[in-house]
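Laboratory data are not the source of any read-out in this text; all were calculated from the coordinates shown. These numbers come from a predicted model, not from an experiment. So basically every Cβ, Gly included, is an ideal-geometry build from the backbone, and we count neighbours across all protein chains shown.
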Amino acid sequence: MKSGYPKAALAIATAAVERAFLAWSTGNFVKYSPNQSFTAAEWSHKTKLYLADISKLTPNAWQKIISKTRAALRERQKGVRNPPEVEVIDLSLTERGQVMDADDQ
């Protein structure tokens, strides 16, 4: 079994969230045509950009991600939906890698 952090999984999930935000960017859901599906052909480049920035995360950042994810999952199991606070900060990352936890400042 491999050890380490789920970098690729986070990159794919983040690209999927970007696609969802784009689908709702007008305020209404815009259905993609079949040739714009969430496929490697359409999203592998953007996923690789996310992966490049995710690969720069420190063990401390990963612990925060894991801790907050577990807390959010516990809250969701209780029926509470209270997302953690995040904000965009200027780091030496691509524009896709600039969304960081507010506690990281």
- Query: Taking K56 as the anchor, which lysines have their alpha carbon closer than 21 Å to its alpha carbon, excluding any fewer than eight residues away along the same chain?
  - Reply: K2, K7, K46, K48, K64, K68
- So for R0 = 22 Å, FRET eff. of L73-Y5 from the Cβ-Cβ r, to 0.05, ends up at 0.80
- With only Lys, Arg, Asp and Glu charged, each at its Cβ (+1 for the first two, -1 for the last two), find how big the charge dipole of segment 25-69 is about the Cα centre; round to the nearest 20 debye. 140 debye
